[in-house]
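Notes to accompany the following structure.
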Amino acid sequence: MFRLTGKVAVVTGGSRGIGRACCEALAEHGAHVVINYVRGEQAARECADAIIAAGGTAELAAFDVADTAATETALEAIIKAHGKIDILVANAGISIDGLLLRVKDEDLDKLWHTNVTGSITCARVAMKSMMRARSGRIIFMSSVVGEMGNVGQTAYAATKAAVIGAAKSIAREYAARNVTVNAIAPGFIDTDMTHAMNDQAKEAVLKAVPLGRTGSARDIAAACVYLASDEAGYVTGQVLRVNGGMYV
C-alpha cells in the first residue's frame, strides 16, 4: 500500500523540519522528490543525500515561493525535465507572531505572499501538468491555529485559514480531472520552531493536547504519504488534523 513508484513529487520548504520529513517519506515510498529551498542549501543537500543513501532519488530546486515569477519558472522547468508533476506538497511557510496592535503591514505582506500566494502559485502551475495527465495530488500545509486561532498569531492564523479555503475551492474545481486537493493541519509538532520556546511556554501548550505530548515531523509525513497515494483517491477537499486532539 501507499506505493508512489514513478511519481514526481515537489515539496516546497523541503530542507528541514516537516518539509524534510515529507521528502524522505515520499521517497521511501518510491517517489522521485524535488526538494525546494530558499536558503540553507547545505540542509537541502543533506536531505537529498539521505534520500539517495536510502535508495531513493532526489534533486534540489532553489526558488522563493513568495516570488511568483521565480516560482513559475522553476516549476515549469521541473515539468519540462520530468514531463509532469504528480504530487505537490505546498509546505513552505513562515511565522511572524505578534498581538494585533503590533502587527506591521510589512509582516502581513511577507506572511501572505509566502504562505498563501506562494502556495496558490505552486498549485496553479502544477495543475497544468495534472490536468493533462488527468491525475494529481496537491497537499497544502495549514496549521491547527488556522482552525482554532491563537493569541498573538492573528496574521499567521489568517494565512493558514486561507490555505484551507484555497484547498477546498481548488478541490471542487478540479475533481472532475481526478486531481485531489487536501490540507494537513499539524498541531504542536517537535520542530525548530518549538525548540525555540521556553519550557514554561511548552508546558502551557501541552496542557491543551489530550495526548499530552508533541507530535513528530514523521507524523505529518505519514499523513502526507497517505494523501499522495492511490489509497486516498476518494479523499478531496478535506483537512487532515494531526494534532493529538488539540482541536477536534
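The values are calculated or read from the model by the stated rules, or taken from the named source; none is laboratory data. Owing to the predicted nature of the structure, the values given are computational and were not obtained by experimental measurement. Neighbour counts are summed over all protein chains in view; Cβ atoms, including those assigned to glycine, are modelled from backbone coordinates with ideal geometry. Accessible surface is based on the protein model in full, side chains and every heavy atom, while ligands, DNA and RNA are left aside. Shrake-Rupley method; radii C 1.70, N 1.55, O 1.52, S 1.80 Å.
Across all Cα pairs in region 22-67, the calculated P(r) in 5 Å bins from zero up to the longest distance comes to 5, 26, 32, 19, 12, 5, 1 percent per bin. Each of Y234, A223, T191 was placed along the dipole of region 170-240 (beta-carbon charges, centred on the mean Cα), and the one lying farthest toward the positive end is Y234.
Build a GNM of the chain with springs between Cα atoms under 10 Å apart, and of A222, A54, A66 the one that fluctuates most is A54. Of the solvent-accessible surface of region 23-75, computed with a 1.4 Å probe and all protein chains present, 48% belongs to carbon and sulfur.
Evaluate the charge dipole of the chain about its Cα centre and quote only its size in Debye, nearest 20, assuming +1 on the Cβ of each Lys and Arg and -1 on the Cβ of each Asp and Glu.
On the way: 25 positive and 25 negative charges, 147 e Å.
So the magnitude is around 700 debye.
The largest-to-smallest principal axis extents of the Cα set in the chain are 48, 37, 36 Å. With a 1.4 Å probe and every protein chain left in place, work out the accessible area per residue of the chain in Å², rounded to a whole number. About 48 Å² of surface per residue is accessible. The lysine pair count for the chain, using Cα distances under 15 Å and pairs eight or more places apart or on different chains, is 6. Taking other residues whose beta carbon is less than 14 angstrom from the beta carbon of E147, and scoring Lys, Arg as +1 and Asp, Glu as -1, yields +3. The mean sequence distance of close C-alpha pairs (under 8 Å, at least 6 residues apart), as a share of the length of region 125-248, puts its relative contact order at 31 percent.
Using a probe of 1.4 angstrom, how much of the accessible area of region 100-209 is carbon and sulfur, in percent? Walk me through the intermediate numbers first.
Numbers: 2900 of 5500 Å².
With neighbouring chains kept in place, the figure for region 100-209 is 53 percent.
For region 1-130, the convex hull drawn through the C-alpha positions has a volume of 109 cubic angstrom per residue. Looking at the square roots a ≥ b ≥ c of the eigenvalues of the Cα gyration tensor of region 160-248, which shape do they give, rounded for a/c under 1.5, prolate if a/b is larger than b/c, or oblate? It is prolate, given that a/c is not under 1.5 and a/b is the larger ratio.
Result for the chain in a Gaussian network model with C-alpha springs under 10 Å: among E173, E203, E72, the largest mean-square fluctuation is at E203. Over the residues of the chain, the helix contribution to mean residue ellipticity at 222 nm works out to -13500 deg cm²/dmol, using -39500 (n - 2.57) for each DSSP H run of at least 4. Using a Gaussian network model of the chain in which every pair of alpha carbons under 10 angstrom is joined by a spring, one finds that among A223, A232, A155 the greatest mean-square fluctuation is at A232.
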